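Following: one structure in structure tokens, then a few remarks.
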Amino acid sequence: MKTIQNILVRFWLYNKRLLKKPLFSVLLVLTVILVILMSASAEGGVVRIALASEAPDLIYDEITADLMQSTTVISFFSCETPSDAEACVRRGDADAAWIFSADLSSRIDEFVGILHNRYAFVTVLQREDSVLLQLTHEKLNGALYPYLSRALYNRFLRTEFDILADIPRADLLIHYDAVNAQGEDMFQFSYIDGSEDTSDIHTHYLLSPIRGLLSVMIVIGGLATSIFYLQDEAAGRFDWIPRKKRLPFSFIYTLTAVFDLTVVSVISLIAAGLSVSVSREILLAVLYMFSVTAFCVWQRVTLRGRRVLGMLLPLIVIAMITLCPVFFSLRIVPFLQQLLPPYLYLNSVHNLSYAAASLCLGLLFSLLAWGCEKARDRLRLQKS
């Protein structure tokens, strides 16, 4: 009991010492700012689209209302005239303008009759061509599809069945509308372990990388703390600690910073609405703290030099962002990817088999750090 009490007291003292270091305090603040900024940008949208019609039209009003209610990276706003929408694009107030023709019902019927761009009924004006703007075209296609589908249905029945040629359009569409087939009802989404159904998860695209970026920030904090440790060791502040106890001491020293950053990150995930169940978040957080701490201690024991660790820190961060599924998932060098703590952590969120691998990774780094420390002690004794 006394040993646990001593560990907690030392943990508290190390925490106070770390919080006095400006760099560590900046990392904690940046963790919160990162979530706030990404959440704010998600609310406003990345791409702004101006909507306008050449004349008042019921279909245009329905499409506009549907687009305005959608919650994506695209932000829509309506203009009174096509010239206003074009002016918004020229001024930079909008990235693109979608201008709908007058009498959309007739124009859509003409288009499905002859699929050619000279019968196009929507004009798209863009400042430039980018990946995000190309994705907006898919959004436009999705908004127009219900009306094109009805027009194709009506034309098919009239051209293929002569007996229906004189039937009013409204009567034909009664049978079409009787089939209430929502697209989302065709699929059921689940994660690989089947633990969660993703059909009710409406996460913003821009918020998806937050967990990955926070996991990288935790590693940065752990490595920065390893540099702090080397500075304190060089200054002789740890001379009172027996050499054989230096390794567990450095483990607790590093864990202090990793713990603080992990707690802030988990709270940020919950605030952003990106957390899974509480029990799973706690389990993953504990395993990640262990693997990151062991990874950082191993890096410190292996590299030793503050300058070397400082120079390699940006390379390690780039490797984690590139090889781990922060923004996208790549399978370039699987063995190297699995040696990076964020890779296993991010994959374990919806697949607990990776959680066991994360525990094994922490144990592996701990053994490597212990082995390197023992080898260095033997060399020191031989030289003396």
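The values are calculated or read from the model by the stated rules, or taken from the named source; none is laboratory data. Note that the structure is a prediction, hence the values are computed from the model and not measured. As a convention, Cβ positions derive from the backbone with ideal geometry for all residues, glycine included, and neighbour counts pool all protein chains shown. Side chains are part of the model used for accessible areas, which takes the heavy atoms of the whole protein and leaves out ligands, DNA and RNA. Shrake-Rupley method; radii C 1.70, N 1.55, O 1.52, S 1.80 Å.
Quick notes
- Options Ala102, Ala143, Ala97, Ala85: the member that is modelled with pLDDT of 85 or more and either charged (D, E, K, R) or part of a loop (DSSP other than H, G, I, E, B) (or both): Ala102
- Scanning the range 82-102 for residues being open to solvent by 50 Å² or more (accessible area, probe 1.4 Å) and over 18 Å from Leu140 (Cα atoms) gives a total of 5.
- Of the numbered criteria (1) under 17 Å from Leu18 (Cα atoms); (2) surrounded by 15 or more Cβ atoms within 10 Å (Cβ to Cβ); (3) not aromatic (Phe, Trp, Tyr), the one Val216 fails is (1).
- Any hit, the range 148-169, residues being assigned to a helix (DSSP H, G or I), basic (Lys, Arg) and open to solvent by 90 Å² or more (accessible area, probe 1.4 Å): yes
- Arg118 being open to solvent by 70 Å² or more (accessible area, probe 1.4 Å), in contact with a Lys or Arg (Cβ under 9 Å, 6 or more places away or on another chain) and basic (Lys, Arg): no
- Scanning the range 237-288 for residues that are of a type in the set (Gly, Ala, Ser) and open to solvent by 30 Å² or more (accessible area, probe 1.4 Å) yields Ala271, Gly273, Ser275, Ser277, Ser279.
- The single residue among Leu363, Leu368, Leu312 that is free of Cβ contacts under 8 Å to residues at least 24 places away in the same chain and either over 28 Å from the mean Cα position of the chain (by Cα) or open to solvent by 30 Å² or more (accessible area, probe 1.4 Å) (or both) turns out to be Leu312.
- The lone criterion from (1) at pLDDT 90 or above; (2) over 13 Å from Lys139 (Cα atoms); (3) not in a strand (DSSP E or B) left unmet by Ala55 is number (1).
- Search result, residues across the range 331-351 that are surrounded by fewer than 17 Cβ atoms within 10 Å (Cβ to Cβ) and either in contact (Cβ under 8 Å) with a residue 12 or more places away in the chain or of a type in the set (S, T, N, Q) (or both): Leu336, Leu339, Asn351
- Of all residues making up the range 51-106, the number that are touching a residue at least 60 places away in the same chain (Cβ under 8 Å) and either over 32 Å from the mean Cα position of the chain (by Cα) or over 21 Å from Tyr119 (Cα atoms) (or both): 8
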